[in-house]
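Undergrad: Got a structure here, written out as structure tokens. Questions coming.
The values are calculated or read from the model by the stated rules, or taken from the named source; none is laboratory data. The model shown is predicted, which means the values in this text are computed figures rather than measured ones. All Cβ positions, even for glycine, are placed from backbone atoms using ideal geometry, and neighbour counts span all protein chains on display. These area figures cover heavy atoms from the full protein model, side chains too; ligands, DNA and RNA do not enter into them. Shrake-Rupley method; radii C 1.70, N 1.55, O 1.52, S 1.80 Å.
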Amino acid sequence: MSVSVMSPAVPAPISFYTSIPPHITETDHVQRSLVQLRTKSKGLEQYIFLNGLKERDPSLFYQILLSNMMEIIPILYTPTVGDACSFYSHIWRHPEGLYISIKHKGHIRQILRAHPAGAKISVVTDGSRILGLGDLGANGLPISIGKLDLYVAGAGIRPSSTLPICLDVGTNTKKFIEDPLYIGVRQTRPVGSEMDEFMEEFMSAMSEVFPELVVQFEDFSTENAFKYLDLFRSRYRVFNDDIQGTGAVVLSGFLNAARISSAASGLPLSEHRILFFGAGSSGIGVAKQLVSFFTELGLSVDEAKKQIYTVDSKGLITADREGLQEHKKFFARTDYQGPALTSLVDIVNHVKPTALLGLSTIGGAFTEEVVKAMAATNNRPIIFPLSNPVSKCELSFQDAINWTNGRVVFASGSPYNPVIYEGTTYEAGQGNNMYMFPGIGLGVILSKAKHITDAMVEKAAIALSSSLNEEENSRELVYPRLNRIRDISAQVALAVAREAQKEGIDNNIVLRNLNDNEALKHITGKMWKPCYESHLKLGVGRL
Ligand SMILES: NC(=O)C1=CN([C@@H]2O[C@H](COP(=O)(O)OP(=O)(O)OC[C@H]3O[C@@H](n4cnc5c(N)ncnc54)[C@H](O)[C@@H]3O)[C@@H](O)[C@H]2O)C=CC1
Ligand SMILES: CC(=O)C(=O)O
Ligand SMILES: [Mg+2]
């Protein structure tokens, strides 16, 4: 595939010959760029390098991303994107993505119209809860950019069809407002009708200017996450990644983990007891997704709900607690009347869960005592510390293996390297919504579905859980390997499209009339691939 640029098929401009050295080929330049990346120190330096590469040579950037996903994704996404967001005002180098400011209220349409047409997928954050790092305000843009890089890498969405947005409405984090280099508006966040009106104008303008657009809400603080999903989901093609994408990815991993755990215990799937440490947008989103799935197995909603326990910063959530927030009420326990249970060990000893899921933002919260309590009552305890980035993860993979003597069935939100314990190599699952949103978005775009329904999301989860191949199953993985993400996204997209068709909300007759094999081929055929060769030949700097 390596083509010498000394003999281009198309005569190149003189400036091209003078600016590119004679002995550069596509292949060695990809290698050179990788060497440059690897000589940077891990973390932010590598993020900044890749960010610069994307700006000056997008084709090369995507080529490298696609052929080295396992290495590059942790830089563009969790954990490193967490640092990029935390320090974005300080590392900012050039305009990227789109900021819509609260100061633009009344003019949002004009701003969007100035952007190139053709956006098909947008990730929108207001920066109010970036990963587990809290309110980062306008520094949140890299999360939208990182998620859209995954759309390109994982689902083959064309880069020019992606639109990363940060809604710059203010921040309640004082240190940013006081930072002279902070890039956002210096005010606290609007509440109530001011924010609602801004969101109404924004969503209406988005659908008018980009009629084909799918919108993914990302990292909104708890209350706004639930509120704006409910408000807009029947009017626009929108989903919330933290509530629905996470619900789907954890359901999928839980199904595989429960199969492994039940093979040892004999416990039927519907009798697993699941303890959620963290009851915010993602915790409650996952819990509701599990209830919905259990009801499909034949349980009533009440029966399904009984299998679920939720814990927040005040301990086990019970219905008698005063001032309980609305989103916590559904799962509040009515069967515990004793003194408030506030310590996680006490809660684990009381509930005796088969699965412990962490979505709390509290790094290291699953202590040795907690993990050993899980291991005492379960041959194969399911423990998913899902908070991001790594600094907020409730349990490291190494500790999980050590403290359970390798018996744990584990998945974390951010990646961990394999662990060798007593001569056996164990691999961590990555329970991250990155397995879901690229395929969900692709399925919605291709089927031209009007809305994104709960059933579409659930079908996506089931497609993911059954996408593991023989080798992955034999290694007791709970998620497929990330380097197969495009195949997986195609299967997820197909499941999403089929459900849209079943519900009669699709609008693509061609896809509807294909059988599954043909449809999968159609979907993979639509995936964009970087074309680095033509870039070097023609010396074109942009896609
Ligand atoms: N792995 C994945 O794909 C995903 C992971 N997450 C991670 O989950 C975490 C939470 O995200 P959200 O639910 O959106 O945040 P959130 O702010 O809505 O919820 C956090 C929850 O944790 C609880 N909490 C806080 N301190 C606690 C303590 N000391 N003990 C027990 N509970 C405590 C809060 O009461 C709240 O219920 C974040 O770190 C985020 O990165 C979120 C979405 C997807
Ligand atoms: C993965 C993700 O969406 C989060 O941590 O918020
Ligand atoms: Mg998120």
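Undergrad: Test of understanding: what is the full-extension gain from GLU271 to ASN469, defined as 0.36 nm times their sequence separation minus their Cα-Cα distance?
TA: Here the answer is 68.6 nm.
Undergrad: For the chain, with the dipole built from +1 on Lys and Arg beta-carbon atoms and -1 on Asp and Glu ones, taken about the Cα centre, which of LEU229, LEU275, LEU65 lies farthest toward the positive end?
TA: LEU65
Undergrad: Sequence-distant or interchain residues sharing an amide H contact under 5 Å with VAL214, placed H: which?
TA: Amide H neighbours of VAL214, under 5 Å, 5+ apart: ILE121, SER122.
Undergrad: Can you list the GluC sites (Glu not before Pro) in segment 144-201 that are in a DSSP coil and have 16 or fewer other beta carbons within 10 angstrom?
TA: Of the GluC sites (Glu not before Pro), the ones in loops of segment 144-201 whose Cβ has at most 16 other Cβ atoms within 10 Å are GLU178.
Undergrad: Please determine, in degrees from 0 to 90 and to the nearest 10, the orientation of helix 516-525 with respect to the longest principal axis defined by the Cα atoms of the chain, where the helix direction is its Cα long axis.
TA: 50 degrees
Undergrad: With θ set to phi - 60°, apply the Karplus curve 6.51 cos²θ - 1.76 cosθ + 1.60 along segment 92-99 and write out the HN-Hα couplings as whole Hz, x wherever there is a Gly or Pro.
TA: Each residue of segment 92-99 in turn: 4, 10, 7, x, 8, x, 9, 9 Hz.
Undergrad: Defining a contact as two alpha carbons under 8 Å apart and six or more residues distant in sequence, what relative contact order in percent does the chain show?
TA: So the answer I get is 16 percent.
Undergrad: On to the next question. Once you put a point 7 Å from the Cα of LYS372 and another 7 Å from the Cα of LYS174, both along the Cβ direction, what distance in nm separates them?
TA: In this crude label model, LYS372 to LYS174 measures out at 4.1 nm.
Undergrad: Still on this structure, please answer the following. Using a cut-off of under 17 Å, list every residue of segment 124-151 whose amide N is near the label point 7 Å from the Cα of LYS105 along the Cα-to-beta-carbon line.
TA: Under cut-off, by backbone N: 126.
Undergrad: Which order do the peptides 433-446, 350-363 come out in when sorted by mean C-beta neighbours inside 10 angstrom, highest first?
TA: The most tightly packed comes first, giving 433-446, 350-363.
Undergrad: Using alpha carbons only, what's the Rg to Rh ratio of segment 26-236 with Rh from Kirkwood? Don't skip to the end; give the middle numbers.
TA: Working: Rg = 17.3 Å, Rh = 17.8 Å.
With Rh from the inverse mean 1/r over Cα pairs, Rg/Rh is 0.97.
Undergrad: Rounded to the nearest 10 Å², what accessible area does CYS531 show when all protein chains are kept and the probe is 1.4 Å?
TA: 80 Å²
Undergrad: Antiparallel versus total DSSP beta bridges in the chain: what percent is that, nearest 5?
TA: 15 percent
Undergrad: Based on Cβ point charges of +1 for Lys and Arg and -1 for Asp and Glu, what charge dipole magnitude is obtained for segment 244-431 about its Cα centre, in debye rounded to the nearest 20?
TA: So the dipole magnitude of segment 244-431 works out to roughly 160 debye.
Undergrad: In deg cm²/dmol and to the nearest 500, what is the mean residue ellipticity at 222 nm of the chain if only DSSP H runs of at least 4 residues count, each as -39500 (n - 2.57), divided by the residue total?
TA: -13500 deg cm²/dmol
Undergrad: Which whole-angstrom value gives the distance between the alpha carbon centres of segment 165-209 and segment 83-132?
TA: 10 Å
Undergrad: Let me ask something additional. If you take all C-alpha pairs in segment 244-431, what percent of them are over 19 Å apart?
TA: Of all Cα-Cα distances in segment 244-431, 55 percent exceed 19 Å.
Undergrad: A further question on this structure: Could you give the dipole magnitude of segment 435-531 about its Cα centre, charging the beta-carbon of Lys and Arg +1 and that of Asp and Glu -1, in debye to the nearest 20?
TA: For this selection, approximately 440 debye.
Undergrad: Write down the Kirkwood hydrodynamic radius of segment 118-158, to one decimal in angstroms, obtained as one divided by the mean of 1/r over all alpha carbon pairs.
TA: So the Kirkwood estimate lands at 10.9 Å.
Undergrad: Assuming R0 = 41 Å, what is the FRET efficiency of ILE20 and LEU181, from their Cβ-Cβ distance, to the nearest 0.05?
TA: So, using R0 = 41 Å, E works out to roughly 0.70.
Undergrad: So, one more: Out of ASN483, ALA460, ASN507, whose Cα points farthest toward the positive end of the dipole of segment 435-531 (charges: +1 Lys, Arg; -1 Asp, Glu; placed on Cβ)?
TA: My answer, from the dipole projection, is ASN507.
Undergrad: Next up: Taking θ = phi - 60°, what integer Hz values does the Karplus form 6.51 cos²θ - 1.76 cosθ + 1.60 yield along segment 53-70, in sequence order, with x for Gly and Pro?
TA: So the J values, rounded to whole Hz, are 4, 4, 5, 8, 8, x, 4, 5, 4, 5, 4, 5, 4, 5, 8, 9, 4, 4.
Undergrad: Ranking request for peptides 73-79, 424-430, 221-227: highest mean number of other beta-carbon atoms within 10 Å first, then the rest in descending order.
TA: Sorting 73-79, 424-430, 221-227 by mean packing, highest first, produces 73-79, 221-227, 424-430.
Undergrad: Given the Cα-Cα distance of ASP335 and ARG113 and 0.36 nm per residue of separation, how much length would full extension add, in nm?
TA: The ASP335-ARG113 span can extend by a further 74.4 nm.
Undergrad: Select from segment 439-484 those trypsin sites (Lys or Arg not before Pro) which occupy a DSSP coil region and have at most 14 other Cβ atoms within 10 Å, ordered by residue number.
TA: Hits after loop and neighbour filter: ARG475.
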